[in-house]
Each structure stands twice: as structure tokens, then as C-alpha cells.
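Down below is the structure, laid out as C-alpha cells.
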Amino acid sequence: MPLSLLKYGLTKQPKLQRHFPPTPELKNSYDVVIVGGGGHGLAAAYYLAKNWGITNVAVLEKSYLAGGNTARNTTIVRSNYLTPEGVQFYDESVKLFQNLSNELDYNILYSERGHLTLAHTDAAVRTARWRAEVNKHLGVDSELIYPDEIARLCPQLNLGDDVRYPILGALYHPPGALARHDGVAWGYARRAAEYGVEIHTQTEVTGFDIEKGKVVGVKTNRGNIQCGKVLQAVAGMSSEVARMADFKLPIKTIPLQACVSEAVKPFLDPIIVSGSLHVYVSQSSRGELVMGASAEAYPLYSTRSTLEFKEELMMHLLEMFPFVGKLRVLRQWAGMTDMTPDFSPVMGLTPIENYYIDAGWGTWGFKATPVCGKRMAETIATGKIPDLIKPFELERFYRNEQVGERGAASVGH
Amino acid sequence: MSASLNSMRLLQSTGLYLDRSKTISFQFNGQSFQGFQGDTIASALAANNCKLLSRSFKYHRPRGILSMSGQDSNTLVQIGDEPNVRADTRAIEEGMQVQAQNVIGSLEKDYGSLIGLIGRFLPVGFYYKAFYKPKGAWRYWEKLIRRMAGLGKIDPGSEIEYTDKQYRFTDVTVIGGGPAGLSAALEAADNGATVILIEENPILGGSLNYARFKTDRDQVYRIRNELVERVSSHSNIEVLTQAQCGGWFEDNWLSILTPGRLFKLRSKAVVIASGSFEQPAVFRNNDLPGVMLGSAAQRLIRLYGVKPGQSAVVMTANEDGYGVALDLLDAGVAVAALIDMREQISLSDLSQAVVAKKIEVLNGHTIYEALPVAGNRGIRGVKVAAISGEGKVVDETRTIDCDLACISVGYTPAAQLICHFGGRLIYDESISMLKLDGMPKHGDKCKAIAAGSLNTVFDLQQVLADGKNAGGSAVAIAGIGVKPALGQKLLSSAVEQNHPWPIFSHPQGKEFVDFDEDLQIHDIEQAVAEGYEDLNLVKRYSTVVMGPSQGRQSALNNLRIATKAAGNPLQGLSITTQRPPFHPEPIQLLAGRSFQPVRRTAIHHRHIELGAQMMPAGNWLRPAYYGLPEQSENAVEQEALAIRNGVGLIDVSTLGKLEIRGTDAAEFLNRMYTFSYLKQPVDRLRYALMLDETGVIIDDGIAARLSENHFYVSTTSGGSDSVYRSMLHWNAQWRLDVDITNVTSAYAGISIAGPGSRDVLQELNCDVDLSADAFTYSEVRRGQLNGIAACLLRVGFVGELGWEIHVPSSQARYLWDILLETGQKYGCRPVGVEAQRLLRLEKGHIIVGQDTDGLTVPEEAAMSWAIAKKKPFHIGKRSVEILANKKQTRRLVGFTLPKKSVLPQESNLTLKDDHIVGRITSVARSSTLNEIIGLAYVHPEQSDVGTSFDIKLSNGNRLSTKVVALPFYDPNGKRQEI
């Protein structure tokens, strides 16, 4: 038994410390206002304080702490992307994740389960090999494997050819991991608050004060504040918040649904993704199967659930795991994904001076939480964009320099 | 065992669900039990005085019946390969093998319960606070903790039981066959609506079947029998029993789950009469077997004829508890005391009847603690104390012996379906109850009505009236017949149903708020104290309401405890969002039969007969090659050589085929594709390259102009649906005068290619002049081929003289046969996809999706020749023009390697100064050219013919090669134009 728990248990009336203070009154002015109190915003606040000594920071969250897409994603962490830019970016994130529990002194339950992206067509095999080759060249552990090796890693998978789309191969990414999504946000929030960052929940931004192309203030439902700089980190509402600051983003917001089953004893170790079958599935530390499919076919600002999503997902799931038919779906939900044309995020400057953007996180936002927070903090603190995130500037769409990650991003969260 | 066999079973007269003429044997943890037809696992075990059903998730505490309605996790068991079965609603079957779940050892002796001893070391959220130091420690702890996860077991040998789905339509759907639902269904049906009534239990009646309502039970039965009789015989009403509504979705789209079938039901109006869930009280050991809800005891007695205990204490805060006491007495259970939490002495008929039976009634008291028997497998009594304030009792307690404690302290509306759709339950302090905050709307219309206790209406007459009103409203919403007159708006009769604070903390804890997750009062308080006071954070940090019952018994008390701990007022607060499904849904029921049809061409069976190895191509199956797998290389080579030197037939039916007709047809194509089509002569073909708005290549094909206003366009095999959709999408904006038809399946295509192909065709009875002068390359003709209407396109994908012949699918096999037969003497043979890919590679033709990717623009793929630069618009034009002024980063080139070289693989990288610049997109050994040929992306600076570049093989080795001119074969295209 770990010492910390022993100490807790043996103390007669253990003194409970708040992990973060209650929402304080808004001050008149902050050096940095972060719009969005999800994982990204909180991580940026933490690294601003820790790495750059900037602590006069307010994080504004319209709902409860980390209650947006941070609370709704399926918690997969990986770096087996397709473009060198993407692979290097997510690789730094994976490395930060691997040490995050100790860095934050908060166990984020980081669980390296290995990640298998199944290929059911020769085109998918080609893409898997392409990703593996790019990954390996950049030092990321990835390999194209074939059914015999897949069977060894996940003997439960139906590798027979008695299904509509037999499995021909897979991209195997051993560092692929799961983490407790809420814990990541709470851990960052707790440390950021210790540095003096203010976290304001139930505080909704209603507009910005922009003078001569420069942001100078933020309007909220709890009053107006002045600011030195603004970071927008509001996955699912990026276009709408940018609209308040009077600039446009090349983003379509599309619902993405997910569901969990009832908990059963662990039987599935790796994270399994099938692009062709539009399924991804892993078994959580509670024993639930966490499952999702591809994003909806249409843009919509709604987190409604549908029956069709479950029907299609389960049909495909049974092709892969025919023995889970009697397991039950416990709960389904939806999040909103900000999809960019090239399936890569948008980070960096905006047409508004001192207004920084962290958006376009589609279905890959959670896994970038540490690196994005760290590098956006650096951008804000130094005014210079680090090379690692330079390819993801908003400007790239005007320059037609996209970072095409479709092949690695669709379904594969 | 025989001595206690069905020792708790009551006399013949009770047990509405039972057929006592049929005895059923089953096993629980290897021990044999008997019950009657209609018994559930839990009721049959209870009849045998077996109270222990399961162990709890975290502390492995003994658990027994709680709700007796399938709404809690206390009764989860494993049946064979089926995990997490609700034992209190699953009927027993002969020979059924029921097992306890999540036990270490046995249900009786579960070593997991030792965890309870160290519970104080495992506070809520403990895993966030430990196990990660020193760095790397978590890897070891994780394995240990993961072993504790989960409840039931998945059997990897389990097989799918495929079930059907069925679409249904009706005027009015009524969810819930209790008093409100029954009267709603009758009212709607009497007014002319067709009604489907959904009831989850085996028989109709709901609370009328088990709740007391009145001192004279027979009076309630008469009401029940009359309602059920009328509903069952009504010609407008269809009753579905053992059916659960999983979700109420947009536009009254309902999922109805029955054991063997998923119904997808569209209803004009919906009446939701799903009732209420009785709520537990929170006191020490409130989770042990023997402590159950009052309604659970009544269900055991009335539905299953089982005596829930020998001696009972009833705790209540409303009149229903008095009904429970009367039912217990009727069933021969001694009632040691009735604890009424209210100060005020009740003067109702029910309470008077209890008093008349000389039962001791203690007002203003509560159970403070249940006293466990050894091993916590039941209770031997309760400690009772007078309430001195909210959650507080006086020091003096009194012990009352009993083996059963029945709790009737309030309800929560079963509003899940409504909340899934955006409805909210908010706390109303005046009734200490969660209450629906109106009905959510579909757009601006409300298409559903709640009825009965969902509306916090509990008085039976009012429930019946509320149901009738709802039925009438539903008819009006459905727009049928005359709108019935609505009754008076009802007053809520929920006053004095719920006790405001049935929560009593104990210095030694074990007062459970959430039975699923083993959460006690201090766990919730601790989450709040640590800063997680928002109800959503309480949930996420402590996992309260996240278990199998999704908060049915815990959401209300959790709201009370967490809100008080945070120092906030309760009034108007809402519980956390509820999500579908209402009940956990079996995956196989949702999946149904797999419906993923394979597309086969009209010639499919001929390919099989000819020994083809089929391969998937999108949804289609295509011949990869003809012959045995072990001779595949030879087969592909021979097929390729047949086309180069003789004649070959390729089934190209999988190509997408679209007909574009109308006065704007040419203009439409001019916008959709990059070439120029306005001046394309009739009877001519043009290449058709499609870009998206970012200038990326997304499809290609051939556009044949059949007449001034009629084009026949092919697409890639995988692209037909998306191209068609894209055309419709664009023309929805352009409004051009065209008619776009996807005729992919209507026509089959056979490609005949090779120097001998003209000879073969000329042997057929063909009214088209096929001579080189009359029918030149890139032309199209329509005519008769052995009496078949055919469209002949002279194309050259594989680089030889050849035609694509498109005919109605029904004629394709005949044409294939006649071509193959006629071609015999010219060495004609069927050719598969692999040889076709090799042949086109020799010609340097790209395959969209293989030699292009999600970012490939025409210039990179050396396709700029396919863009008409002068026309005013095509979809990708703006981007193409922007890109023209930009430095390109890669370029598709041809390369060769000596025949004996290692064969690189597609997707092997190409490097420049060790940086990734591209990859091989296609590569193959060509026996015609006697070398390895391939296409690869390289840096533009490396793209001139003769420049060398590096290929990185999968094993890390590098190969150096040089750019060569394309095409590899017949550079002047002479062979296809003869």
C-alpha cells in the first residue's frame, strides 16, 4: 500500500485540502485571459506560470471545470500520425504524458496499452505502411504487422475471413495509451491554481474589446475585464468565439458520438481502431468498453444522441469481437468536433493582435493537451511561435500549406 | 435444502406472475433451486430464503434485493456467457446456470470483502493521489488495480445470436402500462388513434399490480382488472410486453427493445408514463440483504407470492409505508414497528388500519443503523432513534429485532427518456422531490406528454385522470379526429411523498449513497471538500451515479448531500445530465443482422468458374487474377502478356457510371471537372479529372458526349457514390438544367484490349464500323453487338488497342462469354485487377487514391495537362491558380530498378538529405520491360529525368535509383491508336 494512502487512513480526521479554490471575484485586469477551462486552457495556464513566471492569468470556463470536450473524449493518446509535422508534434505530447503524473503530482492513470489500427483493404495496408515508415524515420515506435502478430497482441480479435471485411494487417503503435481525461485537466488546474492562476467557472465570454486590431478586454457574463493577451481554447465552439473577435476560422463543427458498455472483467488490453469499420474501442480501468465511430456526416451544434450511431457501431464491433453480443451499452453521449480541412489543428497567431488561437482539434484534442499547453504558453510568453507548432498556423490555409492528416485522423482518435 | 425448499412461498392466492402448475429447476452457484414458471431468479431464491445475491463493486459487501424491478445493481449475476443480468427481473428457465459475479472465492466467502477492512485507506479519488511514485511505479500498481475492475465476465467463446429489427409506425405510443399509461392508451384509442403500449413487465398493470393504494385491496384489483381487460381487448391498441423503450429521439423516433427484436418506432405522439423509482434512505448498513424498498417487498408478495422476511420494520415518510405494513401483515410477516419519519401522526385510512392491527408506530423517528448478522449476510435488527434535526438523531437509540427493513421514504420520477431529450429534473423544496421542468420540444412543437407519477401525481384517482388527459392530448398532437375536451389541470399530489432528508451519517460510516459504486456520505462530502463541488465534478471525481443503475437510487440523495456540503440551497437545482439508453441495451440487439452487402458484378459467377481469386475493391469484389494463389505471380504475368501480345478481357463493371442530361450538361461538366467540355464534339471522349475546392485530386474518369445534351461519365470504382453526391450537392447551388442519374449498377463494362481486340470484335455481329479510320482513339459509338445495345468507348488505360463496352447488366454475362469464346483463337484470356494495375503502371497512368493522397494537387501528380486554364470556373480553379504561384514541395516521377534488385514496397519513403520528401506509390516487376518500375513522390529538385534519389526500405536499408521519363512503355502511344 502506498505511503500516502496509509498516512491518510491512519489520520483520525484527515485534513482535506481543496485542489483548487472556489471561483474568485473577477479582477479588473489580467496579463493573460484564457478563454476555455478545458484541458488545453488549463495546461497553457500551468505552463505559463511554471515555465514563464506569468501568473496574473484568468482561465474562464462557461460551464464546470473541464466540462466540454475534455469530459467527452475517449482518452486515447498516440503519435502514429502521417505527416512529419504531426508525428513530431504528437510525439512530444506522448513524452510529456508519460511523465505527467509525476510532474503534476496527480495520478492521471496513464496506461500504455498499445494501439492497433486495423487495415481491411490493400489501400489501408498501404496507408498503414506509410505511417509506419514515417513514424520509424522520426523515431516513433510503429510497425505494420500482419494477422499472426495481431493474433498474438489481441487474440480476441476475429481474424478469420468469414466476415465482410477481413483484417489484412494493422499499424501497431506500442506507446499508444489511455489516460484519465478528467484527471489530466484537474491535475493541471490544481498546479496552475497553486501558482496563483485564477480559474473562473460558470463564466461565459460574451465578447471582446478590440481596439485598432488589438484585443484589450474580454466581456463576460460576470463583468468586463482588461487583458494583455487572450488565448482562445474552446474546442467545439471555436468558430463562434472567433466570430466574437471578428475573424473567421476554416472550421466545420461536427458532432461525434461515443458510448460505454457496462463494466466487465478486463479482457481487452490494446486499443483497437478500424478506419474501414468506423470503430474504435478500448477497455477502461473501470472495465467498461469505451467505443466510438466516425463523426457525423453533417455540421451541427448539438450534442444529441442517436440510435443509428449505436446500430452501426455495434454491427461493426461484432465483426471484430463476435463474443460481446450479450454485453450491454450503458450510456451514450456526443461531443462537438471542430474539423479543419486538413485534419490538423490550428495554433498560433490570429489576425487580431495579442489574440492567440488553439483550435481545430477535431477528434485529436485530448492527446495534444500537454504539448499544446506547453507550446502555446511559450508562444504567448515569447511572442514567437516555436518551430514545432509553426506548421499549424492559421495562416497556412491562406498560403495553401496544409498538413494533411486525414489518413491518420479519420476515426483513429 | 429440502427443508427450506420454497419455505418463504405464500399461499396459492398471491403471485400474479406465477404459473404454479409448472416447477422449474435452476442452479445458483452450483446449488439447485426450484421455482415456478414466472419467477425471476431473485424471487425464486427469496422463496428459498436465499437473500444473498451479489457482492458490491468496491468493498465486496453482501447485497440482496433492493428494488425488485431491475433498476439497481444489487442483483447483477452472470448467466453462462451473459454478464450483468438483473436477477430481479430475469425469469428463471429450466436448467439455467446462474453465477455470482465479482467474487474472489465464493459469494458466501468472498475474500474481496477484506478490502472493506482497509476502506479507510481508500478514500474517494484515492487513485489520483497515489501509486505513481517513484516514477514508473504505476506500471505495477496498474496491473493490480486493473484486476479489480469490472463485474461480470465476457466469454470469448460466446456466439452472436442474430436478431431482427422491425420498423413500426403508429399514431400514439404509450410508454408504461401502469394506471396512467393504461388510461392514456384507452383515451387515445377510444378517440380513434392507433396505439402501441409499451410495458417492460410480463403483464400490464404497473403499480396496480403490487402497490396498496387503499385499505381494501380488492377495490384496486377491480380497477386494475377493468383497465387491463379493456386495453387488452381494444382493437386500436397493440400491447408489447417485456418491451423496454431505450430512447426517445428526435421526431418521436423510439427504440423499443424486446428479448428478440429491436423495434424502431415512429409515432405521431408519445405518452410517457414511466412512473417513479422509490428511493432508499441513507443510514449505516442500509445496503445489506434484508434492507429493501417498500415497493420491493410488495412486489415479492404480490407478483411472486414470496414472503420477504419473517419479522419486519417499516420505515416511511408517506402513506405508502402503511400500505407496505398492511401487505406484510397480510403475507404473515410480523411487523415489529412502523417508523414514520414525520412528526405529524397520520390519520389516513391506511394508517388507521395499521394502528388497528396493534402495530407500534414511532413518529419522528428513523432507522439510524441496521445491525448485521455475522458476515453481513443479512440483518438481525435495526437501531432506531428520534430525529432531532436535519440528518441528526438524539443520542438515545433503541434496538428492534427484525430480519427485514422496508424503506418507503420517497420517489424520483423515472424521467430518463425525457431527460435524454433535453428535459430536466429540478429539485422542488416544497415537495422535497425532483420534478420535471416542462417537456422538451421538437423544434417549436411538443410531441409528447408525461403522465402519472412522472408528473409527481401519486393519488390513484388523479393518476388515472392525468393519464386520460395525456391520452386526449396525444390524440390532438397526432391530429386525429376531434380534439377531446381536456380535464382540469391537476394539482400535484406529491406533498408528503418524500422525506426532505432521509440521510443519517454515522461515526463508523457505511451509510451508502450509491450502492453501485460503494459510495458513502463522507465520500461525497470529501469530493466537495476537495474542491469538486459542482455536481458534475462530484460525479466525475467520486464516480457517483456512474454505475449500472446510472443513479436511479443515488442521484437524489447525492444531490442533497453534495449541495449541503457545498453550502448551497437545493431549490431549483438539477441532477447531472441523463443519457440514453433508459436500460442497458444488449449489443447484439442493437447490431441486428449484419447488413453490409457485397457488390458483385453481373459477371461475378463466370469469374469464379474461371478460377478467379476475388479481392475487395470498395464494396465490390473484383478478380485479382485467374488461377491458384501459389501461382499468382505467373498468372499476373501471363495475363499482362496476353494484353500486350494478344487479347484480354477485363470486367470493369465496378467503374462508377453517371448520366448527365439536359441543356446545361456540358456547362455542368465544365464546372465539375477540370477539362473543357463545352466544345467537346459529340461522339468524342474526354478525360475527366475532379478536384475539390482546395485543388486536391479526388476522382477521375472519362466523359463521353453521346449527344449535344447527353454525357455518359465514368468515375473510379470507389468514387461513384461520392461523385454522384458531390454533383447533386453542387447543382443544388448552381441550379443548372441537368438531370444526374447514377447508373452504375444498370450497366456493366467489359474492357477488351490488346492488338487482337479489333479482330475479335469484328467477328461479332456489330453495326458499328470498328475500322481504324471510322472509329478513332478517344471516340465513342453506340450500336448493336450481337443484338445487344452497347456503348463502345475507345480508350487506352492499359496502353493497347482496346474498347470499353458498356451494356445493360443483364446482357453482360452473354457478352463476356461470346467475347471469350470468339477470342479463343486470338489468345484471348480473362485479366484481373493486378495485371491491369501493372499494365497501367507501364503506361504511367495514375490511380486516384493510390498515386494520389488527401493533399495531391494536379501539378504534383504531373496532371496539369488535364486542366483547361482558360475557362472561367471549375471547382478547384481558385486553389489551382494560387498553387501555381507557389513552390511545389513534391512531384510524382517514374523510376526503375534492375530486375534483380530488391523489390521495394509501396509506401516506402523517398528521402532528400535524410528528410522525408515522399514515398513510393506504385511499384511492380514488369516482364514486358524486364525491370522494376514504379511511381514515387520526390522533391521537385530531384524530379528531372536522370536525377538520382534514395528509397528507404522497410528494414531501414537504402536503395538509390534515378528518375526516368514516363510512360515506361510505348511513350508515343502508338499501340493504342492503331
Averaged over residues of B:150-163, the number of beta carbons from other chains lying within 10 Å of each residue's Cβ is 6
Taking every residue of A:107-114, the Cβ atoms of other protein chains inside 10 Å of its Cβ average out to 4
Under 15 Å, Cβ to Cβ, from residue B:777 - net charge with Lys/Arg +1 and Asp/Glu -1 = 0
Ordered by packing density, taken as the mean number of other Cβ atoms within 10 Å over each peptide's residues, highest first, how do B:877-888, B:267-278, B:177-188, B:813-824 rank?
-> B:177-188, B:267-278, B:813-824, B:877-888
Say R0 is 56 Å: what FRET efficiency, to the nearest 0.05, do residue A:6 and residue B:21 get from their beta-carbon distance?
-> 0.40
Please check which bits of segment A:294-313 a label hung off residue A:158 would reach, taking the label as a point 7 Å along Cα-to-C-beta and the cut-off as backbone N under 17 Å.
-> A:311-313
Gyration tensor on Cα atoms of chain B, a ≥ b ≥ c root eigenvalues, a/c under 1.5 rounded, else prolate if a/b beats b/c, else oblate, says prolate
From the residues B:404, B:615, B:322, which one has its Cα farthest along the dipole of chain B in the positive direction, the dipole being from +1 and -1 charges on Cβ of Lys/Arg and Asp/Glu about the Cα centre?
-> B:615
Helical contribution to [θ] at 222 nm, DSSP H n ≥ 4, -39,500 (n - 2.57), averaged over chain B, rounded to 500 | -6500 deg cm²/dmol
Which of rounded, prolate, oblate describes chain A, given a ≥ b ≥ c as roots of the alpha-carbon gyration tensor eigenvalues and a/c under 1.5 marking rounded, otherwise prolate only if a/b is larger than b/c?
-> prolate
Fewest-first ordering of B:218, A:342 by Cβ atoms within 10 Å yields B:218, A:342
Set the Förster distance to 56 Å, then compute FRET efficiency between residue B:962 and residue B:37 from the Cβ-Cβ distance, nearest 0.05.
-> 0.10
Using the Cβ atoms and a cut-off under 10 Å, what net charge is assigned to the surroundings of residue B:967, where Lys and Arg are +1 and Asp and Glu are -1?
-> 0
For chain A, what is the percent of antiparallel DSSP beta bridges, rounded to the nearest 5?
-> 70 percent
Residues whose placed amide H lies under 5 Å from that of residue B:448, excluding near-sequence neighbours = B:270
Average beta-carbon neighbours from other chains, 10 Å sphere, peptide B:524-536 = 4
Lys/Arg +1, Asp/Glu -1 at C-beta; chain B dipole; positive extreme among B:18, B:62, B:47 = B:62
Would you work out the charge dipole size for segment B:345-488 about its Cα centre, treating the Cβ of every Lys and Arg as +1 and the Cβ of every Asp and Glu as -1, and quote it to the nearest 20 debye?
-> 540 debye
Please say if segment A:362-413 is rounded, prolate or oblate, where rounded means a/c under 1.5 for a ≥ b ≥ c the square roots of the C-alpha gyration tensor eigenvalues, and otherwise the choice is prolate for a/b larger than b/c and oblate otherwise?
-> oblate
When B:795, B:682 are ranked with the fewest other C-beta atoms within 10 Å first, the list becomes B:682, B:795
So, with points 7 Å from each Cα along the Cβ direction, the residue A:151-residue B:330 label distance in nm works out to 6.3 nm
Most exposed to least, judged by fewest other Cβ atoms within 10 Å, B:714, B:594, B:32, B:69 sort to B:32, B:594, B:69, B:714
Using only helices, what value at 222 nm comes out for chain A when you add -39,500 (n - 2.57) per DSSP H run of length 4 or more and divide by the total residues, to the nearest 500 deg cm²/dmol?
-> -8500 deg cm²/dmol
Distance in nm between pseudo-label sites at residue A:382 and residue B:850 (7 Å out along the Cβ direction from Cα) | 4.6 nm
Whole Å is fine, so just give me how far the alpha carbon centre of segment A:205-225 lies from that of segment B:535-577.
-> 35 Å
Multiply the residue separation of residue B:242 and residue B:953 by 0.36 nm, subtract the distance between their alpha-carbon atoms, and state the gained length in nm to one decimal.
-> 249.9 nm
If the cut-off is 28 Å between C-alpha atoms, which lysines fall inside it for residue B:447, apart from same-chain ones fewer than 8 positions away?
-> A:310, B:165, B:264, B:268, B:435, B:468, B:483, B:489
Student exercise, chain B dipole from Lys, Arg, Asp, Glu Cβ charges, in Debye to nearest 20 = 1220 debye
May I ask what percent, to the nearest 5, of DSSP beta bridges between residues of the protein assembly as shown are antiparallel?
-> 75 percent
Too long at a 31 Å Cα-Cα cut-off: which of A:214/B:869; A:27/A:248; A:95/B:900?
-> A:214/B:869; A:95/B:900
For segment B:267-290, list residues with backbone N below 15 Å from a point placed 7 Å from the Cα of residue B:570 toward its Cβ?
-> B:279-283
Which value in nm describes the separation of the simple spin-label points at residue B:901 and residue B:232, placed 7 Å from the Cα toward the beta carbon?
-> 8.3 nm
What is the calculated FRET efficiency for residue B:355 to residue B:394, with r their C-beta to C-beta distance and R₀ = 25 Å, to the nearest 0.05?
-> 0.55
With only Lys, Arg, Asp and Glu charged, each at its Cβ (+1 for the first two, -1 for the last two), find how big the charge dipole of chain A is about the Cα centre; round to the nearest 20 debye.
-> 1040 debye
Using alpha carbon centroids, what distance separates segment B:460-477 and segment A:80-134, in Å?
-> 57 Å
Any chance you could check the Cα centroid distance between segment B:110-130 and segment B:282-331 for me, in angstrom?
-> 32 Å
Restricting to chain B, what percent of DSSP beta bridges are antiparallel, rounded to 5?
-> 75 percent
Would you tally the net charge around residue B:454, using a Cβ to Cβ cut-off of less than 12 Å, leaving residue B:454 out, and scoring K and R as +1, D and E as -1?
-> 0
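We did not get these values from a lab; they are worked out from the coordinates using the rules stated. Bear in mind that the values here come from a model prediction, so they are computed numbers and not experimental data. Neighbour counts run over all protein chains shown; Cβ positions are idealised from the backbone, glycine included.
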